[in-house]
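So the structure is just underneath, and the comments pick up after that.
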Amino acid sequence: MLITAARRLAGDSLARNSLLIMATTVINGGLGYCFWMLAARAVPTWQIGTATALISAATAVSMIANLGAGHMFIQRLPAAGGDWSRIVSGGLIFGALATAAVATAGALVAPRLVENFSFLSGSTGLAALTCAAVAVTVTTLLDNVYVAHRAGRGMFVRNLGLALGKIVALLAVVAMGWHSAGAVLISWTLPILLVSAVTMIAGLGRLRSGARLRAAGIVAELPHLRAALTGHHLINLSQAGPAALLPVMVTARLGADANAHFYLAWMTASMLFMVSPAVASALYAERTNAARVSVTRAAVVVGAVVGGPGAVLLLAGDRILALFSAGYADTSGLLLKILVIAAIPDAITNLAVAHWRSRGEFRRCRRLNIVRAGACLSLTWLLLPGWGVTGAGIAWLTGQTASALLVFLLAATSRLRPAGADGCFGGRETAGSASQASAAVTEGCFGGRETAVSASQASAAVTDCCFEGPEAALGDSRGGAGGAEVGPADRRVERHEAGDAPAIRRSR
């Protein structure tokens, strides 16, 4: 039975790569937990607060400035051909430059606006924030290169080395007698930079034969990055931005000491929050590689992985936090339970966004994520002074629940609307005048397969936009269902690189 299950897993690309991505998450979370446990015992709480606040700020900067290059990799690399090196080089170089620029601006402005960010002032704060933010951007983009090629094993190995490197570096620094925020920050950042350098020098060549990074010709990537910025990046920013900003807001409202208590609970719960984004990325990668994968399968994978750890954290979360110190358990025990519950609606929204993104419904993805982000961040700002760090958990749960309910509402209305009607909330984004109504367009859900419907079948063309419906496009009179056939030669469908709407035009 185990052999049969192993064979099925090996043959199921979604499950295999989802599990490898999640194994990467577990390794990062579990070894990261050990890292912070060691740091909490070796470094004073207020110093831990400063380190976690700076790392949170670096993560937020990276999230803002990476230009959406990661999902651009997933979209373009499977069919990149000879442009592969240029695409990867351009994304990494421009993403790192943009991150350094935003980090510099943040280090210069934040201390002047918020007193609790005074640790960023001066050349030391500027250098620390810039190095940490660039490290996060580079390693995140490299992970997406592996995801694009469904090479979860390589990503797992590099992240295992990275996580172990952090612990080794921390032990070495502490053994040298350095017990400060700087020791924690160097131990956290240096291994990321070293492993990323090894990946760029040796790892990419293993991923794709003959691949190497080069700066020549990367200016040609700027139009693609601009498209990714307005498409994928805005979706990513509104989706993951709140998670990066919450510790920053806790620091701004309550101080670095409170952020130490918040961050350790947040880091513990993040082992659950990382699962659904990992599966969502694998789902999107499968569809860009033209694989037929349903949201139901992805949801089953998420549930199977999250269920056990979530139950453990609900039942024994206080005791787990007490491993850091009794104070952490007293202050953050309820917060941890709230965050664990919030992982359920968070997973619903993440899978829905991956599904709609693969169908080219970028506007719907952006608006859904903006609703979620707005609710989480605004409520966090309002509740922190009165509720303390628990207020951030309440705000997070409320925002995630609201977005999950909105997903079900959108799915229900999509099922009920008549054929040819526009999807609610900006769901189906097609262009065409009234005179072109007979040339209905359906968008494939497999990452860019677009099928035109012939005029003779226009009256019967129905596109299922709902969250869990069949994803098939009508072909011409010879093609039948399934989207495998392309429509008449006098029409073609163009989808912008990461734009909102496919446009119809007649070929000359």
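Just so you know, all these numbers are worked out from the coordinates, no wet-lab data involved. For clarity, every value in this text was computed on a predicted model and none was experimentally measured. Virtual Cβ from ideal backbone geometry, glycine too; neighbours counted across all protein chains shown.
S123 to A79: FRET efficiency via 1/(1 + (r/R0)^6), r the Cβ-Cβ distance, R0 45 Å, to the nearest 0.05?
0.50
Please list, in order along the stretch 319-329, the HN-Hα scalar couplings obtained from phi with the Karplus expression 6.51 cos²θ - 1.76 cosθ + 1.60 (θ = phi - 60°), rounded to whole Hz, x for Gly and Pro.
The phi angles translate into 5, 5, 5, 5, 5, 6, 4, 4, x, 5, 5 Hz.
What nm distance separates the two modelled labels at V219 and E115, each placed 7 Å from Cα along Cα→Cβ?
Inter-label distance under the simple model: 4.9 nm.
Return the Rg/Rh value of the stretch 112-158, two decimal places, where both radii are evaluated on C-alpha atoms and Rh is the Kirkwood radius.
Taking Rg over the Kirkwood Rh, I get 1.26.
Run the numbers for A211 and A197: contour at 0.36 nm per residue of separation, minus the present Cα-Cα distance, in nm. Intermediate results must be reported in sequence, preceding the final value.
Working: separation 14, 0.36 × 14 = 5.04 nm, distance 1.47 nm.
Net length gain for the segment: 3.6 nm.
Once you have the Cα-Cα distance between T413 and W381, take 0.36 nm times their residue separation minus that, and quote the gain in nm to one decimal.
Result: 8.3 nm gained on full extension.
Order the peptides 146-158, 109-121 from the highest to the lowest mean number of other Cβ atoms within 10 Å of their residues.
Listed from highest to lowest mean packing, they are 146-158, 109-121.
Take S180 and A105, extend 7 Å from each Cα along the Cα→Cβ direction, and tell me the distance between the two endpoints in nm.
It works out to 3.1 nm between the two label points.
Using alpha-carbon positions, what is the distance between the centroids of the stretch 264-302 and the stretch 141-207, in Å?
Computed from Cα coordinates, the inter-centre distance equals 22 Å.
Need one number: convex hull volume per residue for the stretch 2-415, Cα atoms only, in Å³. Could the numbers behind the result be given before it?
On the way: hull volume 59.0 nm³, N = 414.
Considering the Cα atoms of the stretch 2-415, their hull volume per residue is 143 Å³.
Quick one: which of 234-247, 32-45, 312-325 comes out on top by average Cβ neighbours within 10 Å, and what's the full order, highest first?
For the peptides 234-247, 32-45, 312-325, the packing ranking is 234-247, 32-45, 312-325.
Based on the Cα atoms of the stretch 249-361, what semi-axes does the equivalent ellipsoid have, where each is the square root of 5 times one gyration tensor eigenvalue, given in whole Å with the largest first?
With the √(5λ) rule applied to the stretch 249-361, the semi-axes are 33, 16, 9 Å.
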